[in-house]
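The next block holds one structure in the form of structure tokens; read it before the comments.
Readers should treat all values here as calculations from the given coordinates under stated rules, not as data from a laboratory. Note that the structure is predicted; figures quoted are calculated from it, not measured. Here the Cβ positions follow ideal geometry from the backbone for every residue, glycine too, while neighbour counts run over all protein chains shown.
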Amino acid sequence: MYEQIEMRTVFAEHLKKAMTADKNVILLDADLARANGTLNLFSEFPEQTFDVGVAEANMACIAAGLSSYGFKPFIFSFACFVTRRVCDQLMLSIAYAKQNVKIVGTDPGIGAELNGGTHMTFEDVGVLRSIPGMVIYEPVDGDQLAKAIPQILEYEGPLYIRLFRKVPPASWFGAEDYRFNLFTADMLLEGKDVTLFATGIEVTQAMEAAKLLAAEGIRAEVINIHTIKPVDVRSVVESVKKTGCAVVCENHNIIGGLGSAVAEVLVAGFPAPLGFIGAKDQFAEVGKIPYLIKEFGLDAESIFKEAKSVMGRKS
């Protein structure tokens, strides 16, 4: 189990295994290897690692070129740099050209903490969801990430990993019998009154909110949607048909992210009251996680209140 272990450490460990087994697995970094936990890989795999310097757009194009020759490149940087800054290269050189490049963006949303609003990406999912063929995956904990990496390597095509870097998350997927599927959501708690769809760090907050709701006799269903694009349509519709309403919880702007994806599914398949937990179309600020999670209404108490609100709108 990887409880209380930083996800950058887990990722580096399993990327090392992949690079050892397959010489075509390549790591490219834009001068942030120490911060992203991959620095040791540069000394261990000198022919499979490249530091391009502070040139993220160039890094994306190099990765696209390597992919066209059969290599399997991973490009690493902070989420703000590897999505916003290089959007055109992700679109044209990688996605439009159908290249097999994996994009790893660390410190999404409030994960940037003291780096502040310039580095906090509340819009990366919204940007990349609009690019055809782009898969978006956000791990919940190190155990899920470890099981995801082999499937990510097997997937042929562009894929974005939204990686919470430093703060060790609570562990929800450490059970030996847990079977990960990249394109299927995970049922964490069955309920009948309201569905809580959550991704990334918001899974822990949703589970805490479910406890608050249970204290009032409300049975919440909690579903982790780890792959935001393509979203698991069947799991979304089946759950809301049972509960009649839902709240979407994400460390992202409520515009363009998982909330928008779930809304698109429900408006076509089963219209129902829907609430949104996330940044309310606003820029971020400097702070530590405990402060930021309350400041932006990402905490369990906010989810609890939103769940009661959407339940009140059920017909």
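Kindly state, to the nearest 0.05, the FRET efficiency for residue 242 paired with residue 4, given R0 = 35 Å and r defined as their beta-carbon distance.
Working: r = 34 Å, r/R0 = 0.98.
It comes out at approximately 0.55.
Packing here is the average count of other Cβ atoms within 10 Å per residue, and on that basis the peptides 265-273, 91-99, 240-248, highest first, run 240-248, 91-99, 265-273.
Stretched out straight at 0.36 nm per residue, the stretch from residue 55 to residue 115 would grow longer than its current Cα-Cα span by 19.7 nm.
Look at the alpha carbon pairs under 8 Å that are at least 6 residues apart: their mean separation over the length of the chain gives a relative contact order of 17 percent. Take the Cα of residue 31, step 7 Å toward its Cβ, do the same at residue 294, and the gap between the two points is 3.8 nm.
In plain terms, the residue of 222, 82 with the fewest other Cβ atoms within 10 Å comes first and the most crowded comes last, giving 222, 82. Compared with the alpha-carbon gap, the fully stretched path from residue 92 to residue 183 is longer by 30.3 nm at 0.36 nm per residue.
Taking 7 Å steps out from each Cα toward its Cβ at residue 192 and residue 40 produces label points 5.1 nm apart. Model label points for residue 84 and residue 309, set 7 angstrom from Cα along the Cα-to-Cβ axis, are 2.6 nm apart. Gain on full extension, evaluated as 0.36 nm per residue between residue 216 and residue 17 minus their Cα-Cα distance, stands at 66.9 nm. When you filter the chymotrypsin sites (Phe, Trp or Tyr not before Pro) in segment 201-298 for DSSP loop state and at most 15 other Cβ atoms inside 10 Å of their Cβ, you are left with 283.
By how many degrees, 0 to 90 and rounded to 10, does the Cα axis of helix 233-243 deviate from the longest principal axis of the chain? The two axes meet at around 20 degrees.
With loop membership from DSSP and a limit of 11 other Cβ atoms within 10 Å, the longest segment of the chain without GluC sites (Glu not before Pro) is 48-155. Converting phi to 3J(HN,Hα) with the Karplus coefficients 6.51, -1.76 and 1.60 and the offset θ = phi - 60°, segment 11-27 yields 4, 4, 4, 7, 5, 4, 4, 5, 5, 5, 7, 9, 5, 7, 7, 10, 10 Hz in sequence order, with x at every glycine or proline.
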